[in-house]
Amino acid sequence: MAPKVVLVTGCSRYLGGHLAARFAANPDVERVLGVDTEPPSHDLRRRMGRAEFVRADIRNPLIAKVIATAHVDTVVHASVTANPAGPAGRTAMKEMNVIGTMQLLAACQKSPHVRKLVVKSTSAVYGSSSRDPAVFTEDMGPKDLPSSGYAKDAVEVEGYVRGFARRRPDVAVTALRFTNFIGPRIDTVLTRYFALPVVPTVMGYDARVQLLHSEDALAVLERATLHDLPGVYNVGGDGVLMLSQAIRRAGRVNLPVPSPAVPAMGRFFRGARLVDFSPDQMRFLNWGRVVDTTLLKREFGFTPRWTTQQAFDDYVSGRALRPLVDPDLAASVERGLLDLAARFRSRGEEVGTWRRRG
């Protein structure tokens, strides 16, 4: 059965607002409610069409009244975010992510009408460390449990969602662990990072990055809402990019920073309001993260339209980022330096061999 009354949280942001717009354009969905603490932008509100905006805070128990009064049968929790907003910053972000989820689930549990719950989660629940496997499958846990920031919030959110699923086995619960979003229209920590003219990286590290186009993210959330596909699914584009490759493709300048200077660098960028790096995001820039999407394709029935590389290239071209360094020239210089280093290493090995023989 197609959902009749859908409630979407976080509708003032790109993902929630555009998702509400998709449901509003679907004639099979009778009513769409978009919930957020702030109203959507004028352009986003226009795109949402017949979707109704409800100014409400999911941290407040009154959200239960909204769900009960409207006879909501499907809830899409898309407001879990990694982007601190306003002067309260991370404190408000954690409250919205964790406390907001608790109150929303409590409201869903009380309502006899709710039969489906879709939760936007993140692959950050796997953490990032030197002991990580090549790829994470859905049944794996983190090697180092995230201890702060968005990743820790997501771990707690998923714990509450599992508890809700046990208490309400009649509700179909779908949790989607998204890799990092990229695209010309979405605004995230990562899109701001790659737009910097000089992109700082951790010296001696070159993380593997798996990305998902924002349009694919919307399509996955829409499919999870319109079909009964309970379970936990990794969601990411095929393939990976090394961090250095992504920086070259964007025509940016790579600035390797020694590990001891990384915290100071993070504070500088946060103070300048350029990019708000959290400790878990800094670890991601060290080690990266790649997930297996076999279940997504085989059981969920979805294959992302964009690969990681295609999604990143669409972001670069869509944002019209002016290359500060020609990507081909940067790649040529890097190959030359690697070749030179290999020659010196080879000569050193020859000298060592000659000395041992002497």
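The values are calculated or read from the model by the stated rules, or taken from the named source; none is laboratory data. If you're wondering where the values come from, they're calculated on a predicted model, not measured in any experiment. We place every Cβ from the backbone using ideal geometry, glycine too, and count neighbours over all the protein chains shown. Please note that ligands, DNA and RNA were not included when accessible areas were found on the heavy atoms of the full protein model with its side chains. Shrake-Rupley method; radii C 1.70, N 1.55, O 1.52, S 1.80 Å.
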The answer for the chain, accessible area per residue at 1.4 Å probe in Å², is 47 Å²
Share of the chain's accessible area from carbon and sulfur, percent, 1.4 Å? 55 percent
Accessible heavy-atom area order of Met96, Met102, highest first, probe of 1.4 Å: Met102, Met96
Over the chain, with a Gaussian network built from C-alpha contacts below 10 Å, which listed residue (Gly17, Gly301, Gly149) shows the highest mean-square fluctuation? Gly301
In nm, what is the difference between 0.36 nm times the number of residues separating Arg55 and Thr294 and their Cα-Cα distance? 82.2 nm
Percent antiparallel among DSSP beta bridges (both partners in the chain, rounded to 5): 5 percent
For helix 14-24, report the angle its Cα long axis makes with the longest principal axis of the Cα atoms of the chain; keep it between 0 and 90° and round to the nearest 10°. 40 degrees
Using +1 at the C-beta of Lys and Arg and -1 at the C-beta of Asp and Glu, which of Ala21, Thr179, Gln281 has the Cα lying farthest in the positive direction of the dipole of the chain? Gln281
For the chain, the longest principal axis of the Cα atoms and the Cα long axis of helix 262-271 enclose an angle in degrees, to the nearest 10, of 50 degrees
Under-14-angstrom lysine pairs by C-alpha in the chain, whenever the two are 8 or more apart or on separate chains: 4
Magnitude of the Cβ-charge dipole (Lys and Arg +1, Asp and Glu -1) of region 1-97 about the Cα centre, nearest 20 debye, reported as 120 debye
Give me the Kirkwood hydrodynamic radius of the chain in Å, from all C-alpha pairs, to one decimal place? 21.7 Å
Under a Gaussian network model of the chain whose springs join Cα atoms within less than 10 Å, the largest fluctuation of Pro230, Pro260, Pro61 belongs to Pro260
Any chance you could give the angle, 0 to 90 degrees and rounded to 10, that helix 327-357 forms with the longest Cα principal axis of the chain? 50 degrees
Given points 7 Å out from each Cα along the Cα-Cβ axis, report the Arg223 to Lys65 separation in nanometres with one decimal. 3.9 nm
Cα-projected label distance for Ala165 with Ser147, points at 7 Å along beta-carbon direction, nm: 2.9 nm
Cβ-placed point charges (K, R +1; D, E -1), dipole of the chain about Cα centre in debye, nearest 20: 520 debye
Segment Tyr205-Met242, extension gain: residue separation times 0.36 nm, minus the distance between their alpha carbons: 12.3 nm
If packing is taken as the average count of other Cβ atoms within 10 Å, what order do 193-203, 117-127 fall into, highest mean first? 117-127, 193-203
What ratio of Cα Rg to 2.2 N^0.38 Å holds for region 73-193? 1.12
If I take every Cα pair under 8 Å that is 6 or more residues apart in the chain, average their sequence separation and divide by the length, what percent do I get for the relative contact order? 16 percent
Note on region 158-286: the mean projected area of its alpha-carbon convex hull, in nm², is 9.5 nm²
Towards the positive end of the charge dipole of the chain, with charges on Cβ (+1 Lys, Arg; -1 Asp, Glu), say which of Leu255, Phe136, Ala106 has the farthest Cα. Leu255
